[in-house]
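For reference, the structure is listed below as structure tokens.
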Amino acid sequence: MTRVALTGGIASGKSHVLRSLARRGVPTIDADGLAHGVLAPSSSAVAAVRARFGKDVVDDEGRIDRRALGSIVFNDPDARRALEEIVHPAVYEAIDRWFASLPANTSYAVADIPLLYETEHESAFDVVVVAMARDGLSHDEASARISSQWQIDEKVRRADYVIWTTGSSEETERQIDAVLEAISGRRPKL
């Protein structure tokens with residue numbers, strides 16, 4: 001099976017591409033969704049987050065207050081790294097379990113991993129696809145989050161394929177088809 005990672009910047013169209021792949025029957029998983037699961041109430045990760053960041057980031061029911069935690073980690077690189085050290089290993093273990101659980105005849109499957117390059121896990125995948133666009137967040141939100149991610153140009157440079165999501169939906173869909181054909185070996189690398 002070809003392990004494909006989908007990545008990109010904030011508001012790059014990754015979610016659109018992932019939904020489109022799923023509609024085509026491609027097995028997909030979202031690392032952000034896994035991270036939410038890792039941070040489920042009463043999990044060991046929530047206990048570690050509370051121990052590191054204080055009781056104000058966990059509500060009375062044991063749920064992470066994402067806004068409170070986000071205001072800490074997106075403004076403090078050391079805090080962000082501390083959170084990543086808690087969450088990322090568990091997320092990558094879940095991704096590996098998911099790939100291993102797929103039927104043996106699965107040709108390729110896609111994991112959406114926003115921080116693939118930042119976590120230095122690109123070598124765990126056979127193919128990296130970058131979705132590329134920019135819009136959607138307020139200036140302050142985008143600035144804080146972008147500063148915690150690699151520059152999109154570097155992601156594009158390192159990717160095997162790039163899907164530009166700034167055009168029409170039809171153009172994006174054609175690019176997705178072309179990338180899938182290339183990954184399945186029916187076309188040379190784009």
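The values are calculated or read from the model by the stated rules, or taken from the named source; none is laboratory data. Worth saying up front: this structure is predicted, and the values here are computed from it rather than measured. Here the Cβ positions follow ideal geometry from the backbone for every residue, glycine too, while neighbour counts run over all protein chains shown.
The table below lists the values:
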read-out	value
Which listed residue is more than 17 Å from the chain's Cα centre (by Cα), outside the structural domain of Thr2 (by TED's automatic domain parsing), under 26 Å from Tyr117 (Cβ atoms) and in contact (Cβ under 8 Å) with a residue 24 or more places away in the chain, from Phe74, Phe53	Phe53
Subset of the range 31-43 (residues that are more than 10 Å from the chain's Cα centre (by Cα) and more than 11 Å from Gly62 (Cα to Cα))	His36, Gly37, Val38
Of all residues in the range 34-56 being among the hydrophobic types (A, V, I, L, M, F, W, C) and in contact with a strand residue (DSSP E or B) (Cβ under 8 Å, 6 or more places away or on another chain), the one that is nearest to Ile183 (Cα to Cα)	Leu39
Test result for Ala31, in contact with a strand residue (DSSP E or B) (Cβ under 9 Å, 6 or more places away or on another chain), more than 21 Å from Glu173 (Cα to Cα) and surrounded by 13 or more Cβ atoms within 10 Å (Cβ to Cβ)	yes
Those strands (runs of 3 or more DSSP E) lying entirely in the range 1-115 with at least 1 residues of a type in the set (Gly, Ala, Ser)	2-8, 108-112
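Per-residue answers, yes or no, for (1) part of a helix (DSSP H, G or I); (2) at pLDDT 90 or above; (3) touching a Phe, Trp or Tyr at 6+ places or on another chain (Cβ under 6 Å); (4) among the small types (Gly, Ala, Ser):
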position	(1), (2), (3), (4)
Ala131	no, yes, no, yes
Asp135	no, no, no, no
Ala142	yes, no, no, yes
Gln149	no, no, no, no
Asp153	yes, no, no, no
Arg174	yes, yes, no, no
Val179	yes, yes, yes, no
Gly185	no, no, no, yes
Pro188	no, no, no, no
